[in-house]
Amino acid sequence: MNLRTIGCNFRTAPVEVREKLAFNPAKQQWAVSEVAARYGAEVVLISTCNRVELYVARASDARGFDLDLGAEFLAECHGLNPAIVGEHLCEHVDSAAVRHLFRVTASLDSLIVGEGQIAGQVKQAFEFSRKLGTTGPLLNAAFQHALAAAKRVRTETGIAHGHISVSSVAVDYVRQVFDHFADKTVLVIGAGKMGRLTLKHLEELHPGRILVTNRSPEKAVEVAAGCGGKPVPWDMLDDALAESDIVLSTTGAGEPIMPRARFEAKVLPRRSGTMVILDIAVPRDFDPMIHDGDRVCLFNIDDLTRIREQTIVKRQRHIISAEAIIDAEVRRFADDWNRRRSGPVIGQLNAEVDKLRGEVLGQLMPKLNGKLSDTERKAIEYHFRLFQSKLLHGPIAALQEASREGQSGTLLEALKKLFRLE
Amino acid sequence: MAEYLPQITQACFGLSYLIAFSLEVLRIRWPRSGLRYGGLLFGAAGLFTHTFYLLTRQPDLASPSGSLFAVSWVLAIFYLYGSWHHVRRAWAVFVLPVVLGLVWLGFMLSSQTVVGDTPSVPDWLIGNRFWGGVHGILLLLAAVGVSVGFLASIMYLFQAARLKKKANPRGRLNMLSLERLEAMNRRALNLAFPLLTLGLLLGAVLLKQYHGLAENWFSVKILGTVGLWLVFLVLLYARYAVNVPGRRLARLTLVAFGLLVVVLAAAHPFAGGMK
């Protein structure tokens with residue numbers, strides 16, 4: 001089917017190389033158009049943080065876009081040495097390329113198996129090229145089928161179940177305790193990067209109030225401004241804790257800021273109901289002994305990471321069934337594609353020979369005019385059709401057989417030339 | 001069909017609920033929609049036969065089996081409503097065992113109690129038995145409230161235990177949040193307490209007026225109901241006056257339910273039942 005995938009991913013290239021080979025939209029537009037123009041090919045370019053891959057489909061094998069040309073082109077795009085780029089590239093051809101695309105889209109080839117972003121990124125890359133007009137029958141069919149197969153994998157297996165980001169797991173825990181959030185107060189302690197990410201997830205719950213405290217008042221004001229919260233002085237930490245329902249702690253303190261004795265003496269007696277503490281600081285900010293699963297639910301970074309790892313292990317169990325779906329879909333795609341490709345040629349062939357038969361009969365019948373009965377005339381016509389069927393049976397069967405094996409290209413070309421088909 | 005209705009027995013709805021429960025347990029392991037709809041179908045069949053059993057047999061609500069079948073019928077409605085609305089939550093696996101337990105207890109006690117006739121107008125509505133009926137209905141509704149509070153408490157304790165162990169929040173059993181379970185428990189008990197108080201007061205007046213024998217005051221049913229009311233008082237005090245953790249309140253609700261079962265299973269001092 002003349003499809004090639006050339007590129008690098010997290011397995012073949014370290015992040016330093018992937019960074020250099022990454023494409024921004026402007027560069028991607030240029031690259032896709034350039035490959036399409038130079039090689040007369042259909043092109044899609046996928047560029048994410050974990051992979052840079054060119055999908056190139058051509059009508060014929062002449063002047064094929066291969067690994068060396070791919071390395072040269074990528075090096076040219078980024079001003080790098082082609083030999084060095086080539087060391088990190090890998091190539092998939094024809095049905096292997098289709099299989100690779102299907103696996104990538106279904107997130108079976110991802111760093112974290114089952115992650116949900118890649119299908120969207122593949123779709124985005126395909127739409128980008130489609131709008132540029134660099135896709136054609138093969139890539140349109142392959143990418144649409146890949147997206148459908150990915151959806152099947154996600155719905156029919158447990159490969160996408162659970163959350164794999166620490167922030168999402170934290171929010172899952174919060175939802176185990178609270179049902180509605182409009183009357184809840186979130187307290188953010190510290191201003192770590194991880195904390196800000198988790199805070200974004202918490203903000204999606206639309207809590208009634210967000211308080212922010214930090215040893216540095218300026219940082220507290222900055223974080224509060226970013227999330228529509230209210231800065232609280234650091235020395236009022238106990239008061240802020242007493243009136244909060246969800247606490248997100250992410251300081252860079254060298255020792256716990258809230259020992260058990262202080263928490264039980266100054267915070268716990270002043271509040272009712274359950275409190276969730278997400279302590280994602282390292283070292284930990286809260287004494288883990290204050291967790292009781294009732295009044296205080298404390299989850300630290302180890303707890304959240306453990307759940308994340310459990311989810312990953314669970315997803316691994318679904319890989320076999322997901323791969324089986326991909327195999328079946330690749331076969332189905334190959335069958336569909338080959339049928340689509342050889343179908344018109346078989347049709348043309350039949351029409352052409354029909355025409356020839358008609359012409360020969362047209363010459364023969366006037367010569368035998370009056371000498372044949374209707375039955376004899378019908379018998380002659382029938383045997384001409386039988387001869388045509390027997391004559392074409394061999395080539396058509398061979399073409400269908402080659403199509404099933406994905407090797408119909410040469411035969412199709414030969415048939416077109418032999419029978420002078422358009 | 002009418003000729004089959006009188007043949008409906010406790011076994012019909014008990015087995016239907018049991019099959020529904022089994023399907024729900026299987027659904028935890030294999031979350032298939034077929035199992036869910038199968039469970040709902042058997043649950044609905046159980047409720048249908050349960051309803052017709054109560055309508056055709058009209059068991060005396062003052063009798064242990066009658067009151068147990070009536071409370072379990074309300075809880076079966078609660079189970080079906082919750083199962084329909086909480087598609088992904090583990091609901092039936094908590095509610096159905098309570099329904100089954102009450103049905104089983106009712107079945108065990110039914111052979112020892114007098115099942116009422118089937119008059120066209122229930123006789124407790126006639127004359128001075130009217131207030132007896134009101135007393136019975138108030139206590140029955142209070143019993144439903146206690147049962148709902150008990151279910152919420154069981155689920156609360158289970159969820160709190162999972163949180164204490166820091167179990168995977170996306171585990172097989174998808175539970176309601178602690179906050180929601182606590183609210184369910186609070187509302188059920190807040191509703192049950194005035195009903196229980198009124199029912200108890202009305203019962204005391206009726207007892208004094210019509211059946212004022214000293215031995216009646218010390219029957220298990222009456223002492224148990226008073227005990228239940230006292231547990232309610234402690235519960236309300238713990239909830240509203242003292243800052244008691246949810247887990248302890250849930251345990252106290254379990255005690256209240258235990259007392260309720262004793263009260264329901266005990267013979268009424270003068271309205272029939274197991275003496």
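The values are calculated or read from the model by the stated rules, or taken from the named source; none is laboratory data. In this text the structure is predicted, and so the values were computed from the model without any measurement. Note that each Cβ is placed from the backbone with ideal geometry, even for glycine, and that neighbours are counted across all protein chains shown. Areas reflect the complete protein model, heavy atoms only, side chains present, ligands, DNA and RNA absent. Shrake-Rupley method; radii C 1.70, N 1.55, O 1.52, S 1.80 Å.
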**Asked** Just going by the charge dipole of the protein assembly as shown, with Lys and Arg at +1 and Asp and Glu at -1 on Cβ, which of A:Ala141, A:Ile280, A:Ile346 is farthest out on the positive end?
**Response** A:Ile346
**Request:** Sum -39500 (n - 2.57) across every DSSP H segment of at least 4 residues in chain A, then divide by the residue count to get the 222 nm mean residue ellipticity, nearest 500.
**Result:** -18500 deg cm²/dmol
**Asked** Can you give the angle from 0 to 90° between the axis of helix A:374-404 and the longest principal axis of chain A, with both taken from C-alpha atoms, to the nearest 10?
**Response** 40 degrees
**Prompt:** Cα axis of helix A:117-132 to longest principal axis of chain A: angle in degrees, 0 to 90, nearest 10?
**Reply:** 50 degrees
**Message:** For the interface of chains B and A, what total accessible area is buried with a 1.4 Å probe, rounded to the nearest 100 Å²?
**Reply:** 2100 Å²
**Prompt:** Considering only B:Thr225, B:Leu61, B:Leu80, whose Cα is most displaced toward the positive end of the charge dipole of chain B, charges sitting on Cβ of Lys, Arg (+1) and Asp, Glu (-1)?
**Reply:** B:Leu80
**Prompt:** Expressed as an acute angle from 0 to 90° and rounded to the nearest 10, what is the orientation of the C-alpha long axis of helix A:319-367 relative to the principal long axis of chain A?
**Reply:** 20 degrees
**Unit charges on C-beta of K, R, D, E only; dipole of segment B:7-265, Debye** = 1580 debye
**Asked** Whose amide H sits under 5 Å from the amide H of A:Val212, counting only residues 5 or more places off or on another chain, with H placed in the peptide plane?
**Response** A:Val188, A:Lys230, A:Val232
**Message:** Once R0 is set to 51 Å, what does the formula 1/(1 + (r/R0)^6) return for the Cβ-Cβ distance between B:Arg88 and A:Arg357, expressed as a FRET efficiency to the nearest 0.05?
**Reply:** 0.20
**Request:** Find the Rg to Rh ratio for the protein assembly as shown, where Rh is the Kirkwood radius over alpha-carbon pairs and Rg uses the same atoms.
**Result:** 1.17
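Can you give the charge dipole size of the protein assembly as shown about its Cα centre, rounded to the nearest 20 debye, using +1 on the beta carbon of Lys and Arg and -1 on the beta carbon of Asp and Glu? Working shown, then result.
Numbers: 79 positive and 62 negative charges, 160 e Å.
Here the protein assembly as shown has a charge dipole of around 760 debye.
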**chain B: most fluctuating residue of B:Leu264, B:Leu233, B:Leu61 per GNM, C-alpha cutoff 10 Å** = B:Leu233
**Message:** Just to confirm, what accessible area per residue do you get for segment B:7-265 at 1.4 Å probe, in whole Å²?
**Reply:** 48 Å²
**Request:** Whole Å is fine, so just give me how far the alpha carbon centre of segment B:129-169 lies from that of segment B:64-101.
**Result:** 11 Å
**Request:** List, in the order given, every pair from A:Lys200/A:Lys314; A:Lys151/A:Lys193; A:Lys131/A:Lys416; A:Lys390/A:Lys416 whose Cα-Cα distance in the structure shown is over 21 Å.
**Result:** A:Lys200/A:Lys314; A:Lys151/A:Lys193; A:Lys131/A:Lys416
**Prompt:** Heavy-atom accessible surface, probe 1.4 Å, ligands and DNA/RNA ignored: which residues of segment B:163-192 lose at least 20 Å² versus the isolated chain?
**Reply:** B:Leu163, B:Lys164, B:Lys166, B:Asn168, B:Pro169, B:Arg170, B:Ser177, B:Leu178, B:Glu179, B:Arg180
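For segment A:270-382, what is the charge dipole size about the Cα centre, in debye to the nearest 20, if Lys and Arg each add +1 at the Cβ and Asp and Glu each add -1 at the Cβ?
It comes to approximately 460 debye.
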**Asked** To the nearest 0.05, how large is the calculated FRET efficiency for A:Glu309 and A:Ala398 if R₀ is 45 Å and r is the Cβ-Cβ distance?
**Response** 0.25
**Request:** Looking at chain A, send over the antiparallel percent of its DSSP beta bridges, to the nearest 5.
**Result:** 45 percent
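List the trypsin sites (Lys or Arg not before Pro) within segment B:132-184 that DSSP assigns to loop and that have no more than 12 neighbouring Cβ atoms inside 10 Å.
B:Arg172
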**Item:** Karplus 3J(HN,Hα) series, Hz, for segment A:283-288 with 6.51 cos²θ - 1.76 cosθ + 1.60 (x for Gly, Pro)
**Value:** x, 5, 8, 10, 5, x
**Message:** Using a 1.4 Å probe on the protein heavy atoms, what percent of the accessible area of segment A:166-313 belongs to carbon and sulfur?
**Reply:** 53 percent
